[in-house]
């Protein structure tokens, strides 16, 4: 079956611009996660959705970052007024009801110039 | 606080030899433990997990991992390495008492495995 998909695969933007990153989870998966992977920083948790609500936003690095999920499916991560330190690979994952493994998408590589 | 340590930045192994990639964890409650692999310019792929039951867990591509509660370790192993196993390996943990069955994962920094012919 189809896995987690993310778009765009690559995004180059100028400092100060807003960007939107999209994640389509595996159909039927109730939980959705956003992580950020930076060179030398490993994988950093950003936010977690259960259905359309976000019980854990603790990883969002600043108020420039926000995310929403609609219809228990697609999620959008928005970064406002991008900064160079936002450059990273943004990974989305989903997992079914009952938890267990998370299944990751290919990521969006963001470069802020 | 939850944490994961992968003490080796890189592991070098000759093809055909056994490999071990080390992982230790710290959680306040019972752990869910995972291994993921990342090939160049690819997303993370799930390899195996420990939730409960047998301490030796078998996963994809011939990999296995052993949960050791007393040593708080979950080392990844393979009896005979292949060149195609060369990739970045991540250990991850979820504290069942903190995140339940669907909380976020805490990842180690990753270990680069290099298998030479």
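Readers should treat all values here as calculations from the given coordinates under stated rules, not as data from a laboratory. This is a predicted model, so every value here is computed, not measured. Virtual Cβ from ideal backbone geometry, glycine too; neighbours counted across all protein chains shown.
When you look at residue B:115, is it in contact with a helix residue (DSSP H, G or I) (Cβ under 9 Å, 6 or more places away or on another chain) and either in contact (Cβ under 8 Å) with a residue 60 or more places away in the chain or assigned to a strand (DSSP E or B) (or both), yes or no?
Values: in contact with a helix residue (DSSP H, G or I) (Cβ under 9 Å, 6 or more places away or on another chain): yes; either in contact (Cβ under 8 Å) with a residue 60 or more places away in the chain or assigned to a strand (DSSP E or B) (or both): yes.
Yes: the conditions hold for residue B:115.
Quick one: residue B:75 ticks every box in (1) part of a strand (DSSP E or B); (2) under 15 Å from residue B:21 (Cα atoms); (3) within 14 Å of chain A (Cβ to nearest Cβ) except a single one, so which number is it?
(3)
Mind checking which residues of region B:59-72 are closer than 17 Å to residue B:27 by Cα and either within 13 Å of another protein chain (Cβ to nearest Cβ) or part of a loop (DSSP other than H, G, I, E, B) (or both)?
Residues satisfying the conditions are B:69, B:70, B:71, B:72.
With the requirement that a residue be more than 10 Å from chain A (Cβ to nearest Cβ) and outside any strand (DSSP E or B), what does region B:37-58 give you? Can you show your working first?
Taking region B:37-58 first, the residues more than 10 Å from chain A (Cβ to nearest Cβ) are B:37, B:39-40, B:50, B:52-58.
Passing the criteria: B:39, B:40, B:52, B:53, B:54, B:55.
Could you grab me the full set of residues in region B:21-36 that are surrounded by 14 or more Cβ atoms within 10 Å (Cβ to Cβ) and more than 14 Å from every other protein chain (Cβ to nearest Cβ)?
Initial filter on region B:21-36 (surrounded by 14 or more Cβ atoms within 10 Å (Cβ to Cβ)): B:21-27, B:31-36.
Selection gives B:21, B:22, B:24, B:25, B:26, B:27.
If you take the residues of region A:96-107 that are surrounded by fewer than 22 Cβ atoms within 10 Å (Cβ to Cβ) and in contact (Cβ under 8 Å) with a residue 60 or more places away in the chain, which of them is nearest to the chain's Cα centre (by Cα)? Steps first, please.
Initial filter on region A:96-107 (surrounded by fewer than 22 Cβ atoms within 10 Å (Cβ to Cβ)): A:96-101, A:103, A:106.
Okay, now just the ones that are also in contact (Cβ under 8 Å) with a residue 60 or more places away in the chain, so A:96-97, A:99, A:103, A:106.
Working: A:96: 17, A:97: 19, A:99: 18, A:103: 13, A:106: 11 Å.
Going through the qualifying residues, I end up with A:106.
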